[in-house]
Structures are given as C-alpha cells and as structure tokens.
Amino acid sequence: MQTNQLLLIFCGALLLLGLLAFFAGRSKATRLRSAGTAMFAQPDQYAWFTVLSTAGPAVLVSTLGAFVLLLMGADIPTLYLLAASLVIAAIGLMVSLNQVKPDFHARQAIERVIRMVLAGAALISIFTTFGILFSIISEALRFFQMHSFWEFITGTTWNPGASFLASAGRGDGSGAEFGSVPLFAGTFMITAIAMLVAVPIGLLSAIYMSEYAPRNVRTVAKPVLEVLAGIPTVVYGFFAAITVAPIIVNIAGFFGLDASYNNAVAPGVVMGIMIIPFISSLSDDVINSVPDSMRQGSLALGMTKGETIRDVVIPAALPGIISAALLGMSRALGETMIVVMAAGMRPNLTANPLEDMTTVTVRIVAALTGDQEFESAETLSAFALGLVLFAVTLALNLVSVLMIRRFREKYRVNNL
Amino acid sequence: MSHTFDEISQQLKRRHRKSARLKWISMGSLGLAGLFLILFFADMLSKGLPAFQQAYIQTEISYTEEAESDGRQAFDQELLPLISRTVVRVIPMELRNNPEMIGTSEAQWVLANSEVDQYLKGHRHRLSEEEQAALDERVEAGQVDLRFNSTFFGSGDSKIAENAGILSAVVGTVMTMIVTLLISFPIGVMTAVYLEEFAPDNRITQAIEININNLAAIPSILFGLLGLAIFINFFGVPRSSPLAGGMTLALMTLPVIIISTRTALRSVPDSIRHAAFGVGCSNWQVVRDHVLPLAMPGIMTGSIIGLAQAMGETAPLIIVGMVAFIPDVGASFTNAATVMPAQIFTWSGEPEQAFVEKTAGGILVLLTILISLNAFAVVLRKKFERRW
C-alpha cells in the first residue's frame, strides 16, 4: 500500500515538526523571560501556539486537498499534496517562532483556535442532518425520474419484480409498479397496534408512579421500565417472531379465526411494549411538573383523588402527554428490526391485522440487501421511501417539541 | 332538586370507589409492564440457556489407511450419522500432517451432530427411531453427554449448527465500537463544551440545538441510508467493514453523548467557574482544568449508555452490509465483519431448529454485555456523583 506508507511518513514528519515547534517555542520564550522581559503569556502557552500554527494549517490543507481530490476527481498525486502540507507546516513553524515576542498574547491566540475547533465540532451534527437529507433526496430524485411521484404516492400495487429483470438486462422494467399505499397502510396498522398497547399502559404507569407510588416503588420501577427501552430491537424481533406470533395464531385459532404467522399483531404488540418506557418516562416528568397548587385547589373543593387526576392533572399535562405519544409514534414508524423479523414481506392492502403485511422499513431493508445493482429502480425506491419516512418523523418530532414547549411556558418548568 | 343525606353519601361512596379503581388500574398497568419484562427474560433464558451446552459422544477413532482419504472410515459406521461433519472433515488433514498416527486408534469425546444435541435437550429433531434407540443406549452407558459448549464462545459463524459460534461477531462488535467511540466521544464532548461554555446565544446556536434534538429522534435506518450513500458510495469506505459500520453508528451516538454531556456540564455550579475566572483563567483554562474534570463522571456515564445503545443497533448496519457470513475470527478495520446483533439476525433466519437455540444464546450474551455496561454506568454515576 503506497498511500498508507506515505500517510505514515507524513504523520511522522508532522509529529517531528510539532515536537520541534514545541521545544523551539518554549526555549525561545524561556530565554526571553529569563532575560528579564515581562511577557503576556507563559512559555508553555507560546510553545502550544507554535505547535498549533505548525500543525493546524498543514492538517487543514491536507484534509481539504483530500476532499477536493474526492469531489472534483482532480488527479493531484497524494505525494504532492502531502509534501505541500509539510512545506506549509514548516512555514507555519517559522512564522510562529517569529511571533514569540513579549507583547504577543499567545493565550488569546490559542483560545481563538480552540473556539474555532469546538465550533467546527458542533457543525458536524448539522452536517449529519444535511448529509442524511442530501443522500436521501438526491437518490430519491433519481427514482422519481424513472417513476412518477404521483404514482408512488397513490398507487396501490407494490411490485418491483420487473425492475430487477430490467437491471439484469432482460425486459424493459415497464411492468414494475411502485405504489406505496400498501406499505404505508401496513406501517400505520402496526404503529396503531403499538400505540394501542403503549399509550394506555405507559400513561397509566406514569400516573401510578407520579401520583400513587411510594418513593421506594418509584425508585425501583423507573429503571426497571427503562430496561424495556434498552433491549435491542433485534431481540424484540426474535421474541415477536418466535414466541408472540405463535401465541397470536393460537388465540386467533381458538376464536375460529385464521391468522398468518407473519400477522401484524405480533410485531405491533411487541413494538408497543418497547415504546412503553418512552411514553411513561416523559409523561411521568410532565405530570410531576404540574404545579401542586392545582392539586390542592381541586382537593379543597372536595374532589376525590381520582377525579383530581382525571379532571385537573391530566388535562393540565395533556400537551406533554401528547408530545410523548407523538415521540413514541415516530419511534414506531421508523422501527425496523421488529417488523423485518416478525412482519411479512408481501405488500398487502388490508384492514385485517391477522393477515401478513409489510411496512416501509421492511421494504427499505429488502431493497438494499438484495443483489440488485445500486442504479436499479428497486434500490433507489428505498431512498424514496426513506424520504417519506424522514419527512413524517421530522414533522412528528417538531410538533412534539412545540407541544412540550407550550407546556413548559404555561407552567414555567425548566427541567423538561 | 335536592338530595337526601343518604343519597349524597351514596354518591360519595360511588365517587370514592371510582377513585380507588383508577389507583388499581394504574397499578395494574405498571404491573403489566413489569410482567412483560419478566415473561420476556424467562422466555429468552429458557430458549437460550441450552445453547451453552452441547452434546458430545465418546467414540473410538481408528486412524486407518483409508481414513486418510475418507475421514468417515475412522468412525464406527453406526455412530457416523450422529457425529458432527466438522469432526469427520478434519481427520484426513490431521493424518496427512501426522503420518505416524496411522494404524493407531484412540477413544475420544467428539462433537455430536446438532440433531443429537436437540434430541438430548428434548427439542424438535429429525432422528429416526433406530438412531434414537442407539442413542438412548449410549446415554445409559454414559458415552453421550451434554457438556459446556466451548465452540459457541470460541469460534466464528458456521452453516453447520453445532460448529457455529459467536466469537467473530464479538470481535466485530468490539472493533466497530472502537471506531464509534473514537469518533463520537471527542466530537460529542467538544460540541457540548462549545454549546454550553463558549457559544453566544444566537440563532445559529439555537439551530444547532434544535438540530441535535432532532437527530436523536430520527429513525436509525435513515442513518444506514446516509452511511450507504455517503460513506460507502461517495467516500469509498469498504462495505461491510467495521470502519463503515462504526462511522455510521458514531453519527447515531453523537446526539446521545452531546445531550448527556451538556447535562453534566450544566450541573457543575457557576461558582466554580466564577472562582476560576476570578484568578485570571481564560475560558478554555476554566473548562479544561475545572469544569470538564468535575463533569467527567456524568460524561462517562452518558457515553457508556450511548455506546450500549449503539451496540444493540442492527438496522443501519444491515444497510451498510454488516450481515456478512464471517467464519474466521479476524481483526481488521477494513475487512468484512459482522456484529452481535447482526449475527443474531442472521441466525434467526436459519431454518434449522438448532439455530433457534443459537439465536437465543447469542441474545443472552448480548443482553449480558448490555446490562453489565448499563450497570457499570449506574455504579459510576452513584460513586462519583456530587451534590452541590
């Protein structure tokens, strides 16, 4: 590996230059100080300043160069790039050594650099969001060039089979249909089942923990519930497929109903169990921050405890509870492993939760783990589905944040 | 419309009954959640614990001339269908390497077939009546036994159930987590320090904050799409490698680390900052020498919890191709690897009954690691937490 060796040599040289800069800077500053001049900074700070101005520009140039190489496809050989960076490092060393003077604020210079580096790190999270958006949108656009957006949104048949043949050189792919309605129907069915399990249990648990439970029960129950959220989703998927699905089939059989082993109920219920702690812990916080004066007022009017909770505390906490439910819902919509392992693969537009149906995330995984080439319509359809998923979960999260903000402003609580 | 006292006290009783009902219902739902948890663990334990044991058969291996070309000749023909193919397969090679062994024979405990294993554990199996009878006889004689399954912990994946192990997945997980931690910890802490200690309160800072909260709620599979489109297709990071998986997971863990670090930094009282500023420290010196060391336990706790979360994540790794079949235990950041959750996912797709047990066994290993990581984080917090 030529490049690897080059990189190694570059790093070694840069390290050496850095060490040189450190000791040269420090010795010059010490010399100046021992000569009796008053200086604005400590010798070590001058030393670090020289190191930063030696290594900083060089690393910056080499990374930027690497980016340009990748982006433009320009063929500047790596050797030249690294050599140029080393030259820049040497120049930086000279200039900064020259700067080591009694009236130079080395500490403030370091401070500025550190501030910039920290701000740069903070920008990475922004880049991540844009990276997700950019990668999804650009591939989704390519998909919509092949298949119309309208057909994608309103079509009721999802049958990508023919596009696979087209990418293999057989057929022209005209038979492929990408109507996503059945996928969304499946997703919403499973999400609805999950919410039917999670919202009542989560909310009631939160009510119990915040209004009734003695302190020691609370300190045990909260972390125990959190364990439910910490279990990996692949484990839940196995649980749903191996344990819960047969139970559902048996129960359905008991009532004379015919259920598929890939029914929507099993992943829905298990997903609901997974979401319970998301809802209970946020609701618990919200209910706890409803001011006590409201409870006291209600009890003073002669309401029973149950009536106080139902008619005073819960309505006051409602924005927060809705926000928790929405967060849980966005979790459920984007959940992948449980449905991949326990729900079906067949796009199926039905209202019967005992039939097998598939979801958006299942199709994304199926499209990207198959052996089609990346350019095929099926692979690109994963990004179109991802785009819709991104938009929906983003909207849910934003509404949820707005809700909780309204609650916070109304009751002036700061810990949410 | 006036009520008698009796009617009113009747009504009151009803209201109190209703009130009590709410208490019992809410208590019941918390109990239900706890019951789910207990059922879940009981189910996993009952399915997974047998995977830690494996059937072995005591047999006479005769190293004859014929065995050098055909390993099956070395065994008792009656036992052959019960013995694992992996044992038979290595005989010729062993003989070629040690020619002086030809002509000798020795009694050994060898790995049994997964069907034998399942039969002994009372699971569904595909042994014929005669094979079962022969097996029962040997169990009586003490020649067939369940022993600790060292293969499961000591080797990589295999298509032969009795030879499949989780070690290559564990190694893959460790490598991926190293990449994840190396990227997300410094960047996350730096971001949090910037937002809490340096950033001016302007629109850009607010945008970053909203964005981080948002990132924490984006479905994990979308991070996989990002990893595939940007890291693999654009930057050319090798597919299926711990590097690609680790980078993808690092972006996912970033918000967790940022949020917990900010909480930890915020809990350091301002008086400490003021004192440090008072003796002439610069902003960075205050952060480096005072705030960060005091916030470190909180930061570590948050990072460990984030790491545990990343360790259990599967969906984005499937998208970047980390569901590879890895029979060898190897360590390289750029070669194909698999991780524990992905290994569990692969095994769960195998049709053989023996793999159900392997899957549950793998799940137990994963859960043990995750629970001990989380417990460690809690202990860390309890031990070093300071109330100001």
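The values are calculated or read from the model by the stated rules, or taken from the named source; none is laboratory data. None of the values given here were measured: they were computed from a predicted structure. Reconstructed Cβ throughout: ideal geometry from the backbone, glycine too, with neighbour counts over all protein chains shown.
Got a number for residues in segment A:366-381 being surrounded by fewer than 22 Cβ atoms within 10 Å (Cβ to Cβ), facing chain B (nearest Cβ under 9 Å) and part of a helix (DSSP H, G or I)?
Counting residues in segment A:366-381 that are surrounded by fewer than 22 Cβ atoms within 10 Å (Cβ to Cβ), facing chain B (nearest Cβ under 9 Å) and part of a helix (DSSP H, G or I) gives 1.
Residues that are away from chain A (no Cβ under 14 Å) and in contact with a helix residue (DSSP H, G or I) (Cβ under 8 Å, 6 or more places away or on another chain): does segment B:27-41 have at least one?
The answer is no, given that none of the residues of segment B:27-41 is away from chain A (no Cβ under 14 Å) and in contact with a helix residue (DSSP H, G or I) (Cβ under 8 Å, 6 or more places away or on another chain).
Please go through segment B:103-123 and give me each residue that is surrounded by 12 or more Cβ atoms within 10 Å (Cβ to Cβ) and in a loop (DSSP other than H, G, I, E, B), ordered by number. Break it down into steps so the answer makes sense when it comes.
Pass one, segment B:103-123, residues surrounded by 12 or more Cβ atoms within 10 Å (Cβ to Cβ): B:105, B:108-121, B:123.
Result: B:Asn113, B:Lys121, B:His123.
Regarding B:Ala310, is this residue buried (at least 21 other Cβ atoms within 10 Å of the Cβ), under 30 Å from A:His105 (Cβ atoms) and either more than 8 Å from chain A (Cβ to nearest Cβ) or acidic (Asp, Glu) (or both)?
Details: buried (at least 21 other Cβ atoms within 10 Å of the Cβ): yes; under 30 Å from A:His105 (Cβ atoms): no; either more than 8 Å from chain A (Cβ to nearest Cβ) or acidic (Asp, Glu) (or both): yes.
It is false that B:Ala310 is buried (at least 21 other Cβ atoms within 10 Å of the Cβ), under 30 Å from A:His105 (Cβ atoms) and either more than 8 Å from chain A (Cβ to nearest Cβ) or acidic (Asp, Glu) (or both).
Kindly establish whether A:Pro319 is under 30 Å from A:Pro232 (Cβ atoms) and either in contact (Cβ under 8 Å) with a residue 40 or more places away in the chain or not in a helix (DSSP H, G or I) (or both).
No.
With respect to A:Ile132, determine if the residue is buried (at least 16 other Cβ atoms within 10 Å of the Cβ), in contact (Cβ under 8 Å) with a residue 40 or more places away in the chain and in contact with a Gly (Cβ under 6 Å, 6 or more places away or on another chain). Spell out the reasoning first.
On the way: buried (at least 16 other Cβ atoms within 10 Å of the Cβ): yes; in contact (Cβ under 8 Å) with a residue 40 or more places away in the chain: yes; in contact with a Gly (Cβ under 6 Å, 6 or more places away or on another chain): no.
Spelling it out, it is not the case that A:Ile132 is buried (at least 16 other Cβ atoms within 10 Å of the Cβ), in contact (Cβ under 8 Å) with a residue 40 or more places away in the chain and in contact with a Gly (Cβ under 6 Å, 6 or more places away or on another chain).
Which residues, counting only those in segment A:200-256, are among the polar types (S, T, N, Q) and at the interface with chain B (Cβ under 9 Å from one of its Cβ atoms)? Can you show your working first?
The first filter runs over segment A:200-256 and keeps only residues among the polar types (S, T, N, Q), leaving A:205, A:210, A:216, A:219, A:233, A:243, A:250.
Across segment A:200-256, the qualifying residues are A:Ser205, A:Thr233, A:Thr243.
Kindly evaluate A:Phe390 against the criterion of being within 12 Å of chain B (Cβ to nearest Cβ), more than 20 Å from A:Thr191 (Cβ to Cβ) and not aliphatic (A, V, I, L, M).
Spelling it out, it is not the case that A:Phe390 is within 12 Å of chain B (Cβ to nearest Cβ), more than 20 Å from A:Thr191 (Cβ to Cβ) and not aliphatic (A, V, I, L, M).
Would you mind finding the one in B:Arg381, B:Arg288 that is over 30 Å from A:Gln45 (Cβ atoms), more than 8 Å from chain A (Cβ to nearest Cβ) and not hydroxyl-bearing (Ser, Thr, Tyr)? Let's see the steps before the verdict.
Details: B:Arg288 fails: over 30 Å from A:Gln45 (Cβ atoms).
Within the list B:Arg381, B:Arg288, the selection yields B:Arg381.
Checking the structure you have, find out if any residue of segment A:22-33 is assigned to a helix (DSSP H, G or I) and within 41 Å of the chain's Cα centre (by Cα).
Initially, segment A:22-33 is screened for residues assigned to a helix (DSSP H, G or I), giving A:22-33.
Now drop any that are not within 41 Å of the chain's Cα centre (by Cα), which leaves A:22.
Yes, segment A:22-33 has at least one match.
Within segment B:149-192, how many residues are buried (at least 16 other Cβ atoms within 10 Å of the Cβ), in a helix (DSSP H, G or I) and not hydrophobic (A, V, I, L, M, F, W, C)?
Going through segment B:149-192 one residue at a time, the tally reaches 11.
Would you check if B:Asp6 is in a helix (DSSP H, G or I), more than 14 Å from chain A (Cβ to nearest Cβ) and at pLDDT 85 or above? Steps first, answer last, please.
Working: in a helix (DSSP H, G or I): yes; more than 14 Å from chain A (Cβ to nearest Cβ): yes; at pLDDT 85 or above: yes.
It is true that B:Asp6 is in a helix (DSSP H, G or I), more than 14 Å from chain A (Cβ to nearest Cβ) and at pLDDT 85 or above.
Among the residues of segment A:277-324, which ones are closer than 29 Å to A:Leu228 by Cα and of a type in the set (D, E, K, R)? Reasoning before the result, please.
First, the residues of segment A:277-324 that are closer than 29 Å to A:Leu228 by Cα: A:277-290, A:306, A:309-310, A:313-324.
The answer is A:Asp284, A:Asp285, A:Arg310.
Considering only residues of segment A:203-238 that are closer than 30 Å to B:Ala342 by Cβ and of a type in the set (Gly, Ala, Ser), which is surrounded by the fewest Cβ atoms within 10 Å (Cβ to Cβ)? Lay out the reasoning, then the answer.
Narrowing segment A:203-238 to residues closer than 30 Å to B:Ala342 by Cβ: A:223-238.
Filter once more, keeping what is of a type in the set (Gly, Ala, Ser): A:229-230, A:237.
On the way: A:Ala229: 15, A:Gly230: 17, A:Gly237: 27.
Step by step, filter segment A:203-238, then rank; the result is A:Ala229.
Can you find even one residue in segment B:359-370 that is under 25 Å from B:Thr248 (Cα atoms), surrounded by fewer than 16 Cβ atoms within 10 Å (Cβ to Cβ) and more than 9 Å from chain A (Cβ to nearest Cβ)?
For segment B:359-370, residues under 25 Å from B:Thr248 (Cα atoms), surrounded by fewer than 16 Cβ atoms within 10 Å (Cβ to Cβ) and more than 9 Å from chain A (Cβ to nearest Cβ): present.
Show the residue pairs that are 6+ apart or on different chains and have beta-carbon atoms under 6 Å apart, the first residue being within segment A:257-280 and within 14 Å of chain B (Cβ to nearest Cβ) and under 14 Å from B:Phe36 (Cβ atoms), the second being part of a helix (DSSP H, G or I) and basic (Lys, Arg).
Taking only residues 6 or more apart or on different chains, the pairs are A:Ile275/A:Arg331.
For A:Leu349, all conditions in the list (1) over 16 Å from A:Val269 (Cβ atoms); (2) buried (at least 24 other Cβ atoms within 10 Å of the Cβ) hold save one; what is the number of the exception?
(2)
Is there a residue being without any contact (Cβ under 8 Å) to a residue 24 or more places away in the chain, at the interface with another protein chain (Cβ under 8 Å from one of its Cβ atoms) and outside any helix (DSSP H, G or I) anywhere in segment A:337-355?
no
For the subset of segment B:219-269 comprising residues that are surrounded by fewer than 24 Cβ atoms within 10 Å (Cβ to Cβ) and among the β-branched types (Val, Ile, Thr), which member is nearest to the other protein chains (Cβ to nearest Cβ)?
Applying the filter and picking the extreme gives B:Ile230.
Considering segment A:4-17 alone, what residues qualify as being among the small types (Gly, Ala, Ser) and in contact (Cβ under 8 Å) with a residue 40 or more places away in the chain? Let's see the steps before the verdict.
Of segment A:4-17, the ones among the small types (Gly, Ala, Ser) are A:12-13.
Hit for segment A:4-17 is A:Ala13, nothing else.
All but one of (1) more than 22 Å from B:Asn233 (Cα to Cα); (2) buried (at least 16 other Cβ atoms within 10 Å of the Cβ); (3) more than 14 Å from chain B (Cβ to nearest Cβ) hold for A:Lys101, so report the exception by its number.
Exception for A:Lys101: condition (2).
For segment B:339-351, indicate whether the set of residues that are part of a loop (DSSP other than H, G, I, E, B) and facing another protein chain (nearest Cβ under 9 Å) is non-empty. I'd like the intermediate steps shown before the answer.
Of segment B:339-351, the ones part of a loop (DSSP other than H, G, I, E, B) are B:339, B:349-351.
Adding the requirement that they be facing another protein chain (nearest Cβ under 9 Å) leaves B:349.
Within segment B:339-351 (the criterion being part of a loop (DSSP other than H, G, I, E, B) and facing another protein chain (nearest Cβ under 9 Å)), the answer is yes, since at least one residue qualifies.
Within segment B:214-257, take every residue that is over 23 Å from the mean Cα position of the chain (by Cα) and of a type in the set (S, T, N, Q) and give me the one that is farthest from A:Ile136 (Cα to Cα).
That would be B:Asn214.
Looking at B:Ile326 and the list (1) under 29 Å from B:Pro341 (Cβ atoms); (2) within 12 Å of chain A (Cβ to nearest Cβ), which single condition is not satisfied?
(2)
Quick check on this structure: which one of A:Asp311, A:Asp285 is surrounded by 18 or more Cβ atoms within 10 Å (Cβ to Cβ), part of a helix (DSSP H, G or I) and among the acidic types (Asp, Glu)? Please lay out each step first, then the result.
Values: A:Asp311 fails: surrounded by 18 or more Cβ atoms within 10 Å (Cβ to Cβ).
That would be A:Asp285, the only listed residue that is surrounded by 18 or more Cβ atoms within 10 Å (Cβ to Cβ), part of a helix (DSSP H, G or I) and among the acidic types (Asp, Glu).
When you go through A:Ala121, A:Ala89, A:Ala66 one by one, which is the residue that is within 14 Å of another protein chain (Cβ to nearest Cβ), part of a helix (DSSP H, G or I) and crowded, with 18+ Cβ neighbours inside 10 Å? Please lay out each step first, then the result.
Numbers: A:Ala89 fails: within 14 Å of another protein chain (Cβ to nearest Cβ); A:Ala66 fails: crowded, with 18+ Cβ neighbours inside 10 Å.
Step by step, each of A:Ala121, A:Ala89, A:Ala66 is checked, and only A:Ala121 is within 14 Å of another protein chain (Cβ to nearest Cβ), part of a helix (DSSP H, G or I) and crowded, with 18+ Cβ neighbours inside 10 Å.
State the number of residues belonging to segment B:9-26 that are more than 8 Å from every other protein chain (Cβ to nearest Cβ) and among the hydroxyl-bearing types (Ser, Thr, Tyr). Spell out the reasoning first.
Keep residues of segment B:9-26 that are more than 8 Å from every other protein chain (Cβ to nearest Cβ), which gives B:9-14, B:17, B:24.
So of that shortlist, the ones also among the hydroxyl-bearing types (Ser, Thr, Tyr) come out as B:9.
Final tally of qualifying residues: 1.
What are the residues in segment B:318-335 that are farther than 14 Å from A:Thr369 by Cα and surrounded by 18 or more Cβ atoms within 10 Å (Cβ to Cβ), if any? Reasoning before the result, please.
Going through segment B:318-335, the residues farther than 14 Å from A:Thr369 by Cα turn out to be B:326-335.
Across segment B:318-335, the qualifying residue is only B:Ile326.
Can you name every residue in segment B:105-151 that is of a type in the set (Gly, Ala, Ser) and closer than 21 Å to B:Glu60 by Cα? Please lay out each step first, then the result.
Step one: filter segment B:105-151 for residues of a type in the set (Gly, Ala, Ser), giving B:105, B:107, B:112, B:114, B:122, B:128, B:133-134, B:141-142, B:150.
Hits for segment B:105-151 are B:Ser105, B:Ala107, B:Ala112, B:Ser114, B:Ala133, B:Ala134, B:Ala141, B:Gly142.
Kindly indicate which of B:Leu135, B:Leu146, B:Leu195 is away from every other protein chain (no Cβ under 14 Å) and buried (at least 18 other Cβ atoms within 10 Å of the Cβ). Full working, then the answer.
Details: B:Leu146 fails: buried (at least 18 other Cβ atoms within 10 Å of the Cβ); B:Leu195 fails: away from every other protein chain (no Cβ under 14 Å).
Just a single option satisfies the conditions, and that option is B:Leu135.
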